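S.K.: I have a structure I would like to understand better, so I am pasting it below and will then ask my questions one at a time.
The values are calculated or read from the model by the stated rules, or taken from the named source; none is laboratory data. Predicted, not measured: the structure shown is a model, and the values here were computed from it. Cβ atoms come from the backbone with ideal geometry, glycine included; neighbour counts cover every protein chain shown. The protein model used for the area step is the full one, side chains on, heavy atoms only, and it has no ligands, DNA or RNA in it. Shrake-Rupley method; radii C 1.70, N 1.55, O 1.52, S 1.80 Å.
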Amino acid sequence: MSYYPISSWCPQGSVLGPLLFSIYTSPISTTAQSQHVRLHQYADDTQLFLALSPANCTQTISVLQSCLNSLHIWFCENGMALNPNKSVAILFGTSQRLKSLSWFKSVNVAGAVIPLSDKVKILGGTLDANLTMAPHVKALSSSCFYHIRSFRQIRPSLDDSMAASVASALISYRLHQLNSILYGTPLKHTSRLQRIQHAVACTSILVLLHCLQMNLNPIE
């Protein structure tokens, strides 16, 4: 058995763990901002993003790649590593704009080529390249109907109060979670979520389901 000295560590699950990790990785934001790259951080996930325009597309992509290289160096110097297998790259835009950038197909992360994906999952929401929200609605519908079918098996054994609590825990919170990102999506997508509410009602659940305010100004 071999032993190696550890110069820095934090007990897993400790109360100070998240705070200490945020402090330890704070130079990530400094590195990105120094190259005018915007970012979001959540726990050990970091999102880098830039706005592209036809006038400076090539230059902007070079800046993003330079930032990725700088972050890779920082991670290596501070005992951390980027995981290319969990890294995702995506280009958002209209179909016409994406066609004009068809030559841009990948980015390099820690020496690994990451091809552009057609969708990405961020904090429970699935965003597609055209921001139609169709993949998100599809995944949400599948999850909700799965739990509705499971719930129907135990509904006869529950009283109304318990049924309302279980329905809220299994289904309602999924409909309300991230529903703000569905504002302005086509009616054909949001109508699928309305069918979920109708399916819940058919199980004779005495629970008030808040109506999703997503049909305002629908895009046809």
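S.K.: Return a yes/no flag: does the range 13-35 have any residue that is farther than 21 Å from LYS121 by Cβ and of a type in the set (Phe, Trp, Tyr).
M.R.: Looking through the range 13-35, at least one residue is farther than 21 Å from LYS121 by Cβ and of a type in the set (Phe, Trp, Tyr).
S.K.: Still on this structure, I have one more. What residue, among those in the range 158-171 that are surrounded by 15 or more Cβ atoms within 10 Å (Cβ to Cβ) and out of contact with any helix residue (DSSP H, G or I) (no Cβ under 8 Å at 6 or more places or on another chain), is farthest from LEU127 (Cα to Cα)?
M.R.: Here the residue is ALA164.
S.K.: While we're looking at this one, here's another question. In this structure, does ARG149 turn out to be within 23 Å of GLN194 (Cβ to Cβ) and open to solvent by 40 Å² or more (accessible area, probe 1.4 Å)?
M.R.: Considered against the rule, which asks whether it is within 23 Å of GLN194 (Cβ to Cβ) and open to solvent by 40 Å² or more (accessible area, probe 1.4 Å), ARG149 comes out as yes.
S.K.: Can you pull out every residue in the range 157-174 that is in a helix (DSSP H, G or I) and of a type in the set (D, E, K, R)?
M.R.: Selection gives ASP160, ARG174.
S.K.: Let me ask something else about it. Checking CYS10 against (1) under 27 Å from LYS99 (Cα atoms); (2) outside any strand (DSSP E or B); (3) of a type outside the set (A, V, I, L, M), only one condition comes out false. Which one?
M.R.: (1)
S.K.: Here are some residues: VAL120, VAL107, VAL137. Which one is among the β-branched types (Val, Ile, Thr), surrounded by 15 or more Cβ atoms within 10 Å (Cβ to Cβ), in contact (Cβ under 8 Å) with a residue 12 or more places away in the chain and not in a strand (DSSP E or B)?
M.R.: So the residue among VAL120, VAL107, VAL137 that is among the β-branched types (Val, Ile, Thr), surrounded by 15 or more Cβ atoms within 10 Å (Cβ to Cβ), in contact (Cβ under 8 Å) with a residue 12 or more places away in the chain and not in a strand (DSSP E or B) is VAL137.
S.K.: Please indicate, with yes or no, whether at least one residue in the range 67-78 is touching a Leu at 6+ places or on another chain (Cβ under 8 Å) and closer than 18 Å to LEU116 by Cα.
M.R.: yes
S.K.: When CYS67 is evaluated against the numbered criteria (1) open to solvent by 40 Å² or more (accessible area, probe 1.4 Å); (2) of a type outside the set (Gly, Ala, Ser); (3) closer than 21 Å to LEU101 by Cα, which criterion, by number, is the only one it fails?
M.R.: Only one criterion in (1) open to solvent by 40 Å² or more (accessible area, probe 1.4 Å); (2) of a type outside the set (Gly, Ala, Ser); (3) closer than 21 Å to LEU101 by Cα is unmet by CYS67, namely (1).
S.K.: Shifting gears a bit: For the range 79-103, name all the residues that are modelled with pLDDT of 85 or more, open to solvent by less than 50 Å² (accessible area, probe 1.4 Å) and not in a helix (DSSP H, G or I).
M.R.: Within the range 79-103, SER87, ALA89, ILE90, LEU91, GLY93 meet the criteria.
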